[in-house]
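A short write-up of the structure that comes next.
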Amino acid sequence: MVATAFRFEMQTLTRLFFAVAVFVLMTAAPFHAAEPIRYRLSFPEPQHRWMQVDATFPDVAQATLEVRMSRSSPGRYSLHDFAKNVYDVHALGKSGREVETTRPDPYGWNVTGHGGTVTVKYKVYGDRLDGTYLAVDTTHAHINMPAALMWAHGLDDRPATVAFEQPPGSNWQVATQLHRGSTPLEFTAPNLQYLMDSPAEFGPIAMRQFTVGPRTFRLALHHTGNDGDADAFAKDAEKIVRQEGAIYGEYPEYEPGSYTFLIDHLPYADGDGMEHRNSTVITSPTAAGRTQLYDTVAHEFFHCWNVERIRPKGLEPFDFDRANLTDSLWLAEGFTQYYGPLVLQRAGLADLPATTGMIAGLIRGVTLSSGRDVRSAVEMSRMAPFIDGGRAVDRTNWSRTVISYYGFGGAIALALDLSLRDRTDGRVSLDHYMRAMWQTYGKPGGSREGYVDRPYTIGDAEETLAAVSGDRAFAHDFFAKYIEGRDVADYGRLLARAGFTLRKREAGRAWLGDVRLQSRDGARVATLVAPNWPVYATGLEQDDEVREIDGQRINGDTDVSAVLGRHKPGDRIAITFVDRTGRAKTATIALAENPQLEVVPADSPTDAQKAFRDAWLGPKRNDD
Ligand SMILES: [Zn+2]
């Protein structure tokens, strides 16, 4: 433990030096920039998956320093309460002696009697490899800053330094959007917002790099593949980057001088992607194929414009103490969701069946789900703090009252893209709209790193559509119907322009609803029953046990299919079930036609349809 003691002494000396320097500066000049907050990250036992953090807050003017663990993380919309993995917390004052802390709430430590400098030392456990949490093991440390770093109220504008220490016997590298510091393992951030937005991968990294015009893009790969895999991946990522650049006409100015893809493609990774200002974290289990990885690359990179800089007002600035609320995730996430697969098609990384499958999926989600009867796209966005966290502990009825803003917004993007092309014979498209949002709100907004100067409102988004389409009435109508209202666009007519047919996949087939049965001690209903299913009117609900349909004993889903196969839409058949209170009931189901939809390319598209489709799905050049 000699090395540790020595470092501690050095730190104390450094602190002393700074204190003297600060005193000199304070007496010499009326203004002085406060010293940076210093973080030291070390990994004495990576096999046990915890990290040691020493955080030093110098120049503390407050009598009580309120030190916090974040409750939320940029890019996530729900609470994660990262304090839950923190333990062995000690606060030291300026003298280096431990001082007492009090706990104002579960997420904070209040430090008094510190003498102007506070050092907090703690351990944080992390074993989830994704875009939100901390993952430490013998192969790497994958660090999402809010999951790992304590910060202090009132010091948002302080710069920070982050120093990484090699685990015993390792020779790891760091990849991050943090600015380079004085050594290869030291980095800086200009303020809290930027620091928290800057994840880091510390491990054996395979680096690849390419440039497009004046911009540099880096791939920091932690994977089980070989050099050839890394080269191929970089080549394909470049295709995606070029196609997305063509949509906006230019790339943002990435503050550290480059944009970094932090990619963990490992057997024990969770499938995830998380956008940041100048980087993205992409994690994927090795079992998941390339396609999924590319889709995430396309989605996350699109965010370097849409959400990171073209940012809804509700997300700016990001609040680490509580969940932000925005009404615009249909645009921030939904439009991004639409563009990911579309760009893969344009880049030659997806084929037409994959793209029509994506389109059909978006249309199905917004057309067939009963959620739209309850909430508009704006209201779905406001559900994000609840649904983004995954499953609730208690049961919810979200499957019939919520449509994810990803799919809902994707369907709106599809409708808007096709409507604009339809109205202008292809002269104006959603690409123009995104470019206008970038020019008006994203591009002029970077006076302070980590902040967005001109976040937009829904009114701004509508105003931009009015300008791009040259038709205020169209813009107002579109927003009123499909974004703030609960109408569904005429996708069939719009897709016909591109030579695609939207049709019922199970035309003529009888349907009672998408009920799923669990065949264990009887045929128990394993899904919520939606109001727009024919069987809803019988009173059947989740957990009830279906006994007979149309006089036939029901033991599972195949029995239901067999009954439906003998009937046609409009037939009325009996159902007998026992509800979960034990009461038996017999009722009548009025069968409907199965509403399931599919999108198929027309047999022989016209030249006009082919031209429309090519302009939409074909590759773009930067000057298009
Ligand atoms: Zn996203």
Identity of the residue in segment 468-504, farther than 24 Å from residue 372 by Cα and charged (D, E, K, R), that ends up least open to solvent (accessible area, probe 1.4 Å):
471
Out of the residues in segment 584-602 meeting the condition of being crowded, with 16+ Cβ neighbours inside 10 Å and β-branched (Val, Ile, Thr), tell me which one is farthest from the chain's Cα centre (by Cα).
589
Given segment 390-454, what helices (runs of 4 or more DSSP H) lie entirely inside it while holding 1 or more residues that are within 16 Å of the ligand (Cβ to nearest atom)?
405-424, 430-437
In segment 65-85, which residues are open to solvent by less than 20 Å² (accessible area, probe 1.4 Å) and either closer than 20 Å to residue 123 by Cβ or outside any loop (DSSP other than H, G, I, E, B) (or both)?
65, 67, 68, 69, 70, 73, 80, 82, 83
Could you tell me whether any residue of segment 338-347 is crowded, with 21+ Cβ neighbours inside 10 Å, more than 15 Å from the ligand (Cβ to nearest atom) and assigned to a loop (DSSP other than H, G, I, E, B)?
yes
Specify which of the listed residues (327, 319) is in contact with a Lys or Arg (Cβ under 7 Å, 6 or more places away or on another chain) and assigned to a loop (DSSP other than H, G, I, E, B).
327
Hey, can you tell me all the residues within segment 447-467 that are open to solvent by less than 30 Å² (accessible area, probe 1.4 Å) and either touching a residue at least 40 places away in the same chain (Cβ under 8 Å) or under 22 Å from the mean Cα position of the chain (by Cα) (or both)?
450, 451, 452, 455, 456, 458, 461, 465
Can you list the strands (runs of 3 or more DSSP E) found entirely within segment 122-241 that contain at least 2 residues being open to solvent by 10 Å² or more (accessible area, probe 1.4 Å) and in contact with a helix residue (DSSP H, G or I) (Cβ under 6 Å, 6 or more places away or on another chain)?
206-212
Please go through segment 40-60 and pick out each residue that is open to solvent by 10 Å² or more (accessible area, probe 1.4 Å) and touching a residue at least 24 places away in the same chain (Cβ under 8 Å).
40, 42, 44, 46, 47, 49, 50, 52, 54, 59, 60
Determine, yes or no, whether residue 268 is open to solvent by 20 Å² or more (accessible area, probe 1.4 Å), among the aromatic types (Phe, Trp, Tyr), touching a residue at least 12 places away in the same chain (Cβ under 8 Å) and more than 21 Å from residue 355 (Cβ to Cβ).
yes
Of all residues in segment 270-316 being under 18 Å from residue 229 (Cα atoms) and part of a loop (DSSP other than H, G, I, E, B), the one that is nearest to the ligand (Cβ to nearest atom)
288
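The values are calculated or read from the model by the stated rules, or taken from the named source; none is laboratory data. On a predicted model such as this, the values are computed, not experimentally measured, just so you know. A quick note on method: Cβ atoms are made from the backbone with ideal geometry, for glycine too, and the neighbour counts reach across all protein chains shown. Just the protein is used for accessible areas: all its heavy atoms, side chains included, with ligands, DNA and RNA removed. Shrake-Rupley method; radii C 1.70, N 1.55, O 1.52, S 1.80 Å.
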